[in-house]
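**Q** Structure incoming, see below.
The values are calculated or read from the model by the stated rules, or taken from the named source; none is laboratory data. What you see is a predicted model; the values in this text were computed from it and never measured. No Cβ is skipped: glycine too gets one built from the backbone with ideal geometry, and neighbour counts run over all protein chains shown.
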Amino acid sequence: MRRFEYLRVASINQAIERLSDEPGAKLLAGGTNLVDLMKYDVATPTTIIDINDLPLREISETSDGGLRIGALATNSDVAFHPVVENRYPLLASAILAGASAQLRNVATVAGNLLQRTRCSYFYDVMTPCNKRTPGTGCPARNGLNRNHAILGASQDCVATHPSDMCVALAAIGTMIIVQGPNGARSISLADFHRLPGDTPEQDTTLQNNEIILGIELTPAPEFQRYSYLKIRDRLSYAFALVSAAALLTIDDGVISTAHVALGGVAHKPWRDTAAEVVLVGRPASRGNFDQFASMLLLRSDALSENGFKIELARRTVVRALEQAASRTPQSQSDKHIH
Amino acid sequence: MDRGPAITGKSIPRIDGPLKVRGQAKYAAEYEVPDLLHAAIVSASIAKGRVISIDSADAKSFPGVVAVLTHQNRPWFWPFSFLYKDPAGPPGQPFRPLYNDRVHFSGQPVALVVGDTYEAARDAAALVRVSYHREQHSTDLAAEVSRAYKSPRRRLGLAPTPQPTGDADRAFSEAPVKVEATYTTAAENHHPMELFATTVEWGDKTVTVYDKTQSPKSVEIFLKVAFRLFRRKVRVVSSFVGGAFGLGLRPQQSVFLAVLAAKALKRSIRLVIPRDQMFALGYRANSIQTVSLGADKNGHLLAVRHRAIAATSRNEDAQDPMLNFSASLYRCHNVKLAYELAKLDTVSPCDMRAPGAATGMFALECAMDELAYATNVDPLVLRLANYTERDQSENRPFSSKALRECYAQGAERFGWAKRSHAPRSMRKGKELVGWGMATGVWEAAMSPVPARAKVRLLADGRFEVTSSITDIGTGTYTILTQIAADALEASIERVVVKLGDSALPFNPIQGGSWTAATSGSAVQAACNKLKKKILSRAKQAGIVGNGQSTELLSPAALADLLRLSDHDNLSATATIINFPFGKKYTGATHSAVFAEVRIDEELAVVRVTRLVCAVAAGRILNPATARSQIIGASVMGIGKALYEDAATDHNLGRCMAHSFADYHIPSNADVYEIEVLFAEETDDKVSPIGVKGVGEIGSVAVAPAIANAIFHATGQRIRDLPITIDRLARSRD
């Protein structure tokens, strides 16, 4: 841990000003990831700007039938909010698939969006890592990579995004509302997280002096079918090897909308809307799910140890779609996969 | 044998439970000592080479930092490595932190930062810059197989790997049915919940060391010799130990560095090893094993060959009884065993719960399952067909062996009779169901080193029992209280047990499952002695009562006695020297473990939905704490089977597990039903109190039972631990 200054801000503008003035400053919300990273010397902020006093906890319905969730709403607040439980059960389920009750009680929506990879090289300052220290190399590429990316990786970085919540947000369709010195803007979730390319140190398109105010979920269609299926190395309290968030609307056995996102496979929640089109207008059958899953993984690429994730991802997508179609979403308390 | 009025044998709740739940049980890092300094380790990033320079200027100028100790400025200590030997250490040169510029393993301490506060020490440790000259390292056991060797020197106290009997090569080649396969097990870390920690209270005359250890006495002797503390009184206190699993058998890096710094600075020091650095303290050796079984068509064993290659460090030949049970568990006249080591650039491996047995028996018991399928014999029937009443490796009977009862009771409880033999023949919904079983065995021995205990009548009529043995969470406080209460015909409220202090009567290390038998026998002997003394003093004092000992030991009678006699003398000390077992019997605990797994057929997600563990361990002093031992060991067995892997990046020569996010142990969700049965086993030979010990036996058979259940469910024989989803997927595709 490095010494830092601590500043508790009373206004959004004060936070933005400090971020603009001090490139080494970082925002603190729940702290479940940032404080860990500081203890391991991976994050070395010069100032911690505590934003927990800011009025960003509200969860409210928008006029068009969507839902706005404040940046500081905790994961638990969101998962157990009646509107989320009723209209966005996929989001509730994904949140409950992650971490532990204790962590979810303090971890926030914005913090979840910004959490960093759990790649063990990234976490170990005694090893090279392009994401942590650009230009030092990526030992995972030829090292321990059984849980690294199979999609969208680069020569410089094969890390994955660890969030469960973001996978559901990707499937639902979400805008991230941010504010900077020049005012507010919205970024779609698809454009918020980025692929590593040759700048893996940048996880997102958020600017250094911008703050997340909240997220907006697109209006949820009635009677949608869903499932969040997370496959991991043990049955609880582990990051995903592969996870799939599936949302389906089915009329008379025919799929009218299909949204599918994958977690644990890439530097960002992975969604391919072009592939989803294939499902629309076709029966909700295993054959169609199989075909779609194969398309989704067409551009996947294995490292030395993670080839199994390609077939596992394919099967996970199929099962999640089956669970959604049959209205038997995966339970996050009973670990039995139906 | 005096069985007393039987408080022993009852499920008495832990005596130390209330202290622990109230936070009043003090652990090594919790003692308040005046003017305490705090230390933090700077560890090596390379696996092999030399430290060229250490730039500690920034760390030294950091506010609150008192000193930065390195191999260059440390106080003098002995250059002779034999002076750093400890009773649990293997042959070789013990690792000495900050000895010289050599780096032996990644994560090795290369500097120690000492500060006024924990935060100052930790934060400044991040500012120390170390440059290295790297040398070619090797951390990959598979790459070192060709350099495997039989250790020329045997570890003190370790029984030798049994000599060959018959002609196993020939018997195998001529056997009608042959099974031969290679198995691997991963390196595992112990990770007790309590971090390794030492608080040193440095005084001119006395050095008190609060240490997390399984042996306060050997730490005391080690410190006196290694740091030449002969002119000071050294006292090592470990009143409570939050688990250790073998990692605390030897004086750890924490106590070495803390005392080194205390001596250098003549100050009191605390050092806590954080979780990430705990990975560099020791590990269960990973192994590569080949088992060849020859049998007749009915599965009767004709030949057993078992070769194991286990990891060790460059500086020591770490050894454990990996193959010591392969010759004696089943009846077979042609046995050949080879236990070899391969040197790696790692810290020395060390004992971890059921050391050796948990590794060797995994391979043997999976091979037995393979034989069951090669001969089309039910796995339990196969084991009964090869049952032996004698230890054929030593050609002598067992002091007792209720393994047959374990098989019968475990099978009954589990419902084994309803199993269909064919792989993939049982399923429920989308899941394949598998039932597997395995046999467990562990040595039941008393410590080869004598144990002492003292018991004293207190002025208030209670009895105080003292012993240097630690309670590492197993329930030692409780069982010793029960033993004393029975011997002294007193209620447990009238017995006060004090443990874990090198100033108390000498006891050997707490390990090998021998504590209950050894320290328990010493306590019983001391109590019997005191009882005799009290009865004779009562007689002298004319206290007669109704003539019954119970009445003479009652609080009222003792109050009379205390009034009439000098109570200072009312104490007794007893020493137990290894029970005269001679060479007539083999002592062993046994278990039969039955496992049910359910595996999603497509996704290969494994759930261990049921475990039944039937254990024969002689007399059970406390079914509640004994059951906890077996359940805890079974959870470790699930971890060994499915999750635990201290994975090393061989390019960097570095273990890349740094936390419980990287190093998976079972979570609550991974543990379903675990049932524990104790088979009745009376044994008047194994120890004076008929006890065999239950610390290790629970860890032996769980992993092979699960691996065999996975085969039964899927038809896939995974011979590499842990059985992760990728291994199942690869074997399937």
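**Q** Any residue at all in segment B:618-631 that's under 30 Å from B:Arg424 (Cα atoms), surrounded by fewer than 24 Cβ atoms within 10 Å (Cβ to Cβ), of a type outside the set (S, T, N, Q) and away from chain A (no Cβ under 14 Å)?
**A** There is at least one residue in segment B:618-631 that is under 30 Å from B:Arg424 (Cα atoms), surrounded by fewer than 24 Cβ atoms within 10 Å (Cβ to Cβ), of a type outside the set (S, T, N, Q) and away from chain A (no Cβ under 14 Å).
**Q** Can you work out which of the residues in segment B:410-424 that are more than 27 Å from the chain's Cα centre (by Cα) and in contact (Cβ under 8 Å) with a residue 40 or more places away in the chain is farthest from B:Tyr330 (Cα to Cα)?
**A** Within segment B:410-424, the match that is farthest from B:Tyr330 (Cα to Cα) is B:Arg424.
**Q** Considering A:Ala140, A:Ala171, which residue is within 14 Å of another protein chain (Cβ to nearest Cβ), in contact with a His (Cβ under 9 Å, 6 or more places away or on another chain), at pLDDT 95 or above and in a helix (DSSP H, G or I)?
**A** After applying the criteria, what remains is A:Ala140.
**Q** Looking at B:Ile706 and the list (1) surrounded by fewer than 24 Cβ atoms within 10 Å (Cβ to Cβ); (2) under 22 Å from the mean Cα position of the chain (by Cα), which single condition is not satisfied?
**A** (1)
**Q** Among the numbered conditions (1) surrounded by 13 or more Cβ atoms within 10 Å (Cβ to Cβ); (2) closer than 23 Å to A:Tyr40 by Cα; (3) within 14 Å of chain A (Cβ to nearest Cβ); (4) not hydrophobic (A, V, I, L, M, F, W, C), tell me where B:Arg134 comes up short.
**A** Status for B:Arg134: all satisfied but (2).
**Q** Continuing with the same structure: If you take the residues in segment B:584-618 that are acidic (Asp, Glu) and part of a strand (DSSP E or B), which one is farthest from B:Arg427 (Cα to Cα)?
**A** Ranking the qualifying residues of segment B:584-618, first place goes to B:Glu596.
**Q** So which residues in segment B:657-679 are within 14 Å of chain A (Cβ to nearest Cβ) and closer than 17 Å to B:Ala703 by Cβ?
**A** Matches in segment B:657-679: B:Tyr663, B:His664, B:Ile665, B:Pro666, B:Asp670, B:Val671, B:Tyr672.
**Q** In segment A:307-338, how many are away from chain B (no Cβ under 14 Å), touching a helix residue (DSSP H, G or I) at 6+ places or on another chain (Cβ under 9 Å) and either loosely packed, with under 15 Cβ neighbours inside 10 Å or closer than 30 Å to B:Asn668 by Cα (or both)?
**A** Matching residues across segment A:307-338 total 2.
**Q** Does segment A:154-167 contain at least one residue that is at positive phi and touching a residue at least 60 places away in the same chain (Cβ under 8 Å)?
**A** no
**Q** Another question about this same structure. Enumerate the helices (runs of 4 or more DSSP H) found wholly within segment A:27-126, keeping only those where 1 or more residues are among the hydroxyl-bearing types (Ser, Thr, Tyr) and either touching a helix residue (DSSP H, G or I) at 6+ places or on another chain (Cβ under 6 Å) or over 20 Å from A:Met165 (Cα atoms) (or both).
**A** Ranges flagged: A:75-79.
**Q** Here's something else I'd like to know. Out of the residues in segment B:714-728 that are in a helix (DSSP H, G or I) and surrounded by fewer than 20 Cβ atoms within 10 Å (Cβ to Cβ), which is nearest to the other protein chains (Cβ to nearest Cβ)?
**A** In this case the residue turns out to be B:Asp726.
**Q** Going residue by residue through segment B:429-452, is there one that turns out to be closer than 24 Å to B:Arg537 by Cα and either touching a residue at least 12 places away in the same chain (Cβ under 8 Å) or of a type in the set (Val, Ile, Thr) (or both)?
**A** yes
**Q** Right, something else. Please pick out the residue among B:Arg307, B:Arg232 that is modelled with pLDDT under 95 and farther than 27 Å from B:Ser519 by Cα.
**A** Of B:Arg307, B:Arg232, the one residue that is modelled with pLDDT under 95 and farther than 27 Å from B:Ser519 by Cα is B:Arg232.
**Q** Determine which member of the set A:Ala244, A:Ala238 is over 20 Å from A:Leu298 (Cα atoms), modelled with pLDDT of 95 or more and within 14 Å of another protein chain (Cβ to nearest Cβ).
**A** A:Ala238
**Q** Go through segment B:217-255 and count every residue that is crowded, with 24+ Cβ neighbours inside 10 Å and either under 12 Å from B:Phe196 (Cα atoms) or within 16 Å of the chain's Cα centre (by Cα) (or both).
**A** Of the residues in that region, 14 qualify.
**Q** Between B:Ile472, B:Ile483, which is assigned to a helix (DSSP H, G or I) and touching a residue at least 12 places away in the same chain (Cβ under 8 Å)?
**A** After ruling out the rest, the residue left standing is B:Ile483.
**Q** Looking at segment A:265-306, which of its residues are surrounded by 16 or more Cβ atoms within 10 Å (Cβ to Cβ), assigned to a helix (DSSP H, G or I) and within 14 Å of chain B (Cβ to nearest Cβ)?
**A** Within segment A:265-306, A:Phe289, A:Ala293 meet the criteria.
**Q** For segment B:523-552, enumerate the residues that are among the small types (Gly, Ala, Ser), buried (at least 20 other Cβ atoms within 10 Å of the Cβ) and out of contact with any strand residue (DSSP E or B) (no Cβ under 7 Å at 6 or more places or on another chain).
**A** B:Ala538, the sole residue that qualifies.
**Q** Considering only residues that are part of a loop (DSSP other than H, G, I, E, B) and β-branched (Val, Ile, Thr), look in segment B:346-396 and name the one that is nearest to B:Ala713 (Cα to Cα).
**A** Step by step, filter segment B:346-396, then rank; the result is B:Val377.
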